[in-house]
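The values are calculated or read from the model by the stated rules, or taken from the named source; none is laboratory data. This structure is a prediction, so every number in the text was calculated from the model and none was measured. Reconstructed Cβ throughout: ideal geometry from the backbone, glycine too, with neighbour counts over all protein chains shown.
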């Protein structure tokens, strides 16, 4: 079942956003590593790998539907954040942006009466709920520890245990 050009263009746009997400989280990981926050670096690195998996899902879906995945030029991500809190706030804002983008894709699929794409996107809707909740949880814990270095150290260790 071939996909429409409008839907494949929209999915290719999301493919680029997911690739940029991986790029952004890799930059966050590098910044944390440079600043000695190895647990947070691991958390962001694993998040980067997860975003690549999201992009791969879109890539494969496009091919399965007879469309070609298109690689867009990616913007350079921010390189440094003033604090761990600022990095996670940026992460939440980005995840909210991605969530809005996914919901717009669902809307487009509905408008085009493209049931296969609409069903495919349901996984992403659920995933984005989980993504936002995970970052909000870290932000809550960062608020609880404040600027206490021992608390930040413990939280960083905990973040490094992510699988």
(message) Looking only at region 69-82, count every residue that is in contact with a helix residue (DSSP H, G or I) (Cβ under 9 Å, 6 or more places away or on another chain) and free of Cβ contacts under 8 Å to residues at least 24 places away in the same chain and tell me the total.
(response) 2
(message) Just checking, does region 10-31 include any residue being in contact (Cβ under 8 Å) with a residue 60 or more places away in the chain, outside any helix (DSSP H, G or I), in contact with a helix residue (DSSP H, G or I) (Cβ under 8 Å, 6 or more places away or on another chain) and farther than 30 Å from residue 148 by Cβ?
(response) no
(request) Being without any contact (Cβ under 8 Å) to a residue 24 or more places away in the chain and in a helix (DSSP H, G or I) is the filter here, so list the residues in region 144-154 that pass it. (result) 144, 145, 149, 150, 151, 153, 154
(request) Return only the number of the condition from (1) more than 21 Å from the chain's Cα centre (by Cα); (2) within 29 Å of residue 57 (Cα to Cα); (3) in contact (Cβ under 8 Å) with a residue 40 or more places away in the chain that residue 159 does not satisfy. (result) (1)
(request) Please find, among 7, 19, 28, the residue that is under 25 Å from residue 129 (Cβ atoms) and over 15 Å from the mean Cα position of the chain (by Cα). (result) 7
(request) Take region 76-107 and flag every residue that is buried (at least 16 other Cβ atoms within 10 Å of the Cβ), farther than 30 Å from residue 30 by Cα and more than 17 Å from the chain's Cα centre (by Cα). (result) 106
(request) Please specify each residue of region 75-107 satisfying the condition of being in a loop (DSSP other than H, G, I, E, B) and either modelled with pLDDT under 95 or closer than 27 Å to residue 148 by Cα (or both). (result) 78, 79, 80, 81, 82, 83
(message) If a residue must be surrounded by fewer than 12 Cβ atoms within 10 Å (Cβ to Cβ) and assigned to a helix (DSSP H, G or I), how many such residues does region 108-121 contain?
(response) 3
